[in-house]
1. Simple spin-label model, 7 Å along Cα-to-Cβ: Ala76 to Arg299 in nm?
2. For Cα Rg over 2.2 N^0.38 Å, the listed values are [x] 1.03; [y] 1.12; [z] 0.98; which was obtained by calculation from the structure presented?
3. With the Cα gyration tensor of region 72-128 giving a ≥ b ≥ c as the square roots of its eigenvalues, does the rule (a/c under 1.5 for rounded; else a/b larger than b/c for prolate; else oblate) give rounded, prolate or oblate?
4. Could you pull out every residue, at least 5 positions away or on a different chain, whose amide H is within less than 5 Å of the one on Ile161? Hs are placed 1.01 Å off N in the peptide plane, and Pro or chain starts have none.
5. In degrees between 0 and 90, to the nearest 10, how far off the longest principal axis of the chain does helix 271-282 point, with axes built from Cα atoms?
6. Which trypsin sites (Lys or Arg not before Pro) in region 204-293 sit in a loop by DSSP (not H, G, I, E or B) and have at most 12 other Cβ atoms within 10 Å of their own Cβ?
7. Report the extension gain between Ala200 and Leu119 in nm, rounded to one decimal, defined as 0.36 nm multiplied by the number of residues separating them, less their alpha carbon distance.
8. Which of Asp256, Asp116, Asp221, Asp105 has the fewest other C-beta atoms within 10 Å, and how do the rest follow up to the most?
Amino acid sequence: MTSVIGIDVGGTKVAVTPLGPKGMGEHRQQPTALDSSEALIDQFVSLVGEAAAGEPYEAVGIGVPSIVRFETGEIAASTNVPLKGVQLRAVLGERLGVPVFVDNDATVAALAEAHDEDLKLVSRNLVMITVGTGIGGGVVIDGRIFRGGSGGAGEVGMTLIGLATDPDLPAAGGHFPQPGSLEALSSGHALDRFSAAVAAEHPDSALGRLAASGKPVLGADAVAACRDGDADAAAAVSRWAHALGVGIANAINTFDPDEVVIGGGGAAAGELLLDSAADFAAGYVHPGLQGRASVRLARWGATAGVLGAALLAVHELERQPS
């Protein structure tokens, strides 16, 4: 395998890993430099140098929480990191002296999830839904990333799963996430809201007692209480999982994938989230598609983004004319 370096950029950390014939190398990460785009690019260059450790590499792949114009590497819109408007492919390529390939972070994570532990492509058609503070997504079709016409495909969090269609419904304007969207109803923030509501409605429940102590009630508290058998917390988790299930059904009905993969921080809820969401989704899948796609948790966990970024570089180098 070609020697490359992958970078996974998030709002709190930047991770870098080399990938070569012997597999993944040492994983490095630092808190994200958020002061300016220049400071963040300097951080990328520094971390790549550390990861290379003096050894040659042929390209760099980078996943960012942004909408990317893939052919040029321009960051069209960015979440939580100061990269909007930056021609990242050109700027970073000039600094590093090798080809740089830039894509959305959830998209490259989907590419990683299409590969098994031996880095063999095992799922040619896959949709990944990342459940975190928000909802991200990526689509792999016939073994390749699907980007759409401008690079923004896979934004499954913006799909609408609970929007009323009353004739008097006002225009939503530019606020995101939109009410009724998958992100508004199944993100980590959504579970926080559901959990706080349960605490207020049921003061004698585990979540109610937590609120009475003066502590904030968060989604992680609901998951923990649910595991301890608290029925009221289970109701909050179930509502969250059912919303995700509608998103899963939409992904299956739209793309007919081999797999739908659930990743991100929300995947830490494990089977509490997965089983309920998958069961709920099954009731909304077209009869002709029922039972074909599997729904599973991400196999690569926190390393999916950085591995996917490295695999992006490998795939794109293979496509370059010799």
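Just so it is clear, none of the values below were taken in a lab; they were calculated from the coordinates. Not measured: the values here are computed from a predicted model. So basically every Cβ, Gly included, is an ideal-geometry build from the backbone, and we count neighbours across all protein chains shown.
1. Between Ala76 and Arg299, the label points sit 3.2 nm apart.
2. [x]
3. oblate
4. Under 5 Å from the amide H of Ile161: Ser181, Leu182.
5. Rounded to the nearest ten degrees, it is 80.
6. Listed in order of number, the matching sites are Arg292.
7. This chain segment gains 24.4 nm when fully extended.
8. In increasing order of surrounding Cβ atoms, one gets Asp116, Asp256, Asp221, Asp105.
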